[in-house]
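The structure appears below as structure tokens.
Any read-out appearing in this document is the output of simple, stated calculations on the displayed coordinates, not a laboratory observation. Keep in mind that what you see is a predicted model, and the values were worked out from it rather than measured. Positions of Cβ are backbone-derived with ideal geometry, glycine not excepted, and every protein chain shown enters the neighbour counts.
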Amino acid sequence: MTIMKHLALLLLGFAVIGCNRGITPEAPAQNVSFTFTQTSSEGISGRSQELEEPAHVRLSLTTPEGDQVSHTLTVSTFSNGYVTSLLTLSIGDYQLNEFLVENADNQVIYAAPITGSDKANLVNQPLPLSFTVSEDGVEAVAVEVLAVGDATADAFGYAVFTFNVVHTFDFQVAVFIENQSTGLPELTASHLEIAAGGRTRVAINLDASTHLIEMTDSLPDYQVTISKGGYLPFEQTFTANELKAYAPGNGPLVVVLASDGMNGSWQPGDAWTDPRDGQTYGTVEYRGMVWMTENLNYGALVGIEDIDDKEGFDGIAEKLCWDADCIEGGYYTWYELMQTGDYQDSQEDSVGTRQGLCPPGWHIPTELEWRVITKGPIGAMGNIPNLIDINPNQPLGIEGGTNSSGLSLRLYGYFGITRDEPRRNYGDSGSIWTASFEKFSVFQEPVFHYMNIGGPNATLGFVGDVAALNCRCVKN
């Protein structure tokens, strides 16, 4: 008789972490453990069959973010069965893909069969299995394993009974700037990126605290970049051992950012200089938000055939312009503006904003932020004459404008990138992106929200991947 064990995922308590790891505010997490007990212990003779003593469990999971991760957990006796060491999982939906139980000699003695394998019909629920970790606890999930014996790995659906275990290490980082009033350093919010092994491993926003960063071990070097609007970026390459010197129990990596000399004493209403290319934008505070008074004009000027869409995203900041002077600012497809080839990957930062191509410390306004300044919680949005520029040398549209808000919106039309004549509606209307979108339209494609201005009211427009529009940035 095949020996079978059942494993259940149990909540053992809340994880408590002293400093922040990754994006803040820190996502809630639970400490969970796997337990398993023998449900059939009779051998062919009908007598009780002793089970080989397990020592480790190796498992692989798909995380809520879609990453594939592996864990090795130790096993201890518990009542009439066994329990693994604790595993901290953040809130979200998971998928258990592989589950192997090893003895003290690291030999696989039990395995959970995978759907489609020869052994899958011997259990009620072969892998993969889905489960949820929530703030209220952990959804119970039963995992069944079979004794391996002389069976081969492919009989269970595995290429080999092994894992490539990725080792990681933790280090701490704290970012400071000089307080303009006291002259003393103070913790500050910033943006951290770490590149290693040919790709970006970390790209997160840090709040004004000491952060605990988890990093893949044993890579040749780690390029650490810390940036903040108005300050020169910190850029330095470390070895793994150098970063490990800032492990918990030691002091953090302390980075003091120096003012870039452009925006160190900036206040709302002052001109703001983009440290990436030196372009200067006017600013105004209106209805509790600070807006740029000019359209974003960042990126390399390209032809309409080279602007990125979801099929041809190259990760390079690019723009269209009405002419070579670019006085109207850049025109961007939604994918280009968000700098992603996957609309679902336009990740929000810790304050719920999307930076896209806006400078550090600024973001692309959401539909709700536009509604704040247009006095329209639902439906048509008014107040537009107060937002439109009165400069007689700029197109105003049929209603003109008072620009009492100081936002200086202008009617620069848009590019219809699939049209024979792509330049459209200059002087009649203005089309400006929001960061908002709907996941699917009737054609099973995402549609992106934009503000259409030009009359006494603004309208909320919806468009697919077929237009290039202007963008206004808002201060975080």
**Prompt:** Mind checking the dipole of segment 143-236: about its Cα centre, +1 per Lys or Arg Cβ, -1 per Asp or Glu Cβ, Debye to the nearest 20?
**Reply:** 260
**Complete:** Computed from the beta carbon distance with a Förster radius of 41 Å, FRET efficiency for Arg201 and Ala155 to the nearest 0.05 stands at 0.65
**Message:** Just to be sure I understand the model, the point goes 7 Å from the Cα along the line to the Cβ. What's the resulting Trp322 to Glu186 distance in nm?
**Reply:** 4.2
**Message:** Given points 7 Å out from each Cα along the Cα-Cβ axis, report the Asp136 to Gln279 separation in nanometres with one decimal.
**Reply:** 4.9
**Item:** Computed E for Asn250/Asn121 - FRET, C-beta separation, R0 51 angstrom, nearest 0.05
**Value:** 0.45
**Asked** Any idea how far apart Asp170 and Glu53 come out in nm if each label point goes 7 Å out from Cα toward Cβ?
**Response** 3.1
